[in-house]
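One structure below.
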Amino acid sequence: MIEQVGFGLVAGCIVLAALLVARARSAIHGVLWLGVVLAATAVLYVMLQAPFMAGIQLLLYVGGVMTLMILGVMLTRHNKHEDALERKRPWLAGVLSLSMLGMLITAIQKTPEIPASETTSATIKDISRSLLAEHALSFEVLSLLLLATMIGAIVLLHRDRPSRLTEESP
């Protein structure tokens, strides 16, 4: 019973923080609320007795991705009073959100359950071997994507600034 109450509290915190991400008035506040969502997800992993997944969640998402997102927000210019999202058509966002929820519920209902006898327990050694051998290309592609994101943020930062060479020309 206490586990269910704790799970409900953490899940409620995740939902509330996710709503605050969507309603954030500034980009940095949205990123910080996203950090709360990701950290609370790690708490759920701990409650589900999956400490390895909790550690990965903390290291990769809370540590790595949040650092990159905060750096990206800091590298680009943002007006203090600008909205994180344009709020011209909130009904469209509601319709899209409900349709995504419907697709998620349908996918969960149509997914067949795997009998307990067919599941195998993977060790950390098996998981790490799989990640570094079979999925090495995925990690390399992800690193290129993150590099392209950082280069894009730097280009956006310097796009509107006049060059020093044009300022110093006679």
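Restricting to region 67-94, and then to whatever is of a type in the set (S, T, N, Q) and at pLDDT below 75, can you tell me which residue is surrounded by the most Cβ atoms within 10 Å (Cβ to Cβ)?
Applying the filter and picking the extreme gives THR76.
Among the residues of region 40-54, is any surrounded by fewer than 18 Cβ atoms within 10 Å (Cβ to Cβ), of a type in the set (Val, Ile, Thr) and closer than 24 Å to LEU131 by Cβ?
Scanning region 40-54, I find at least one residue that is surrounded by fewer than 18 Cβ atoms within 10 Å (Cβ to Cβ), of a type in the set (Val, Ile, Thr) and closer than 24 Å to LEU131 by Cβ, so the answer is yes.
Restricting region 109-122 to residues that are modelled with pLDDT of 80 or more and assigned to a loop (DSSP other than H, G, I, E, B), which is farthest from GLY72 (Cα to Cα)?
PRO112
Read through the list (1) more than 30 Å from GLY72 (Cβ to Cβ); (2) at pLDDT 80 or above, then give the number of the only condition that GLU140 fails.
(1)
Does GLN4 satisfy being more than 19 Å from LEU142 (Cβ to Cβ), at pLDDT 85 or above and polar (S, T, N, Q)?
Yes.
Examine region 7-20 for a residue that is touching a Gly at 6+ places or on another chain (Cβ under 9 Å) and surrounded by fewer than 18 Cβ atoms within 10 Å (Cβ to Cβ), and state whether such a residue exists.
Yes, there is a match, as at least one residue in region 7-20 is touching a Gly at 6+ places or on another chain (Cβ under 9 Å) and surrounded by fewer than 18 Cβ atoms within 10 Å (Cβ to Cβ).
The values are calculated or read from the model by the stated rules, or taken from the named source; none is laboratory data. Just so you know, these numbers come straight off a predicted model, no measurement behind them. FYI the Cβ positions are ideal-geometry reconstructions off the backbone, even for glycines, and counts take in every protein chain you see.
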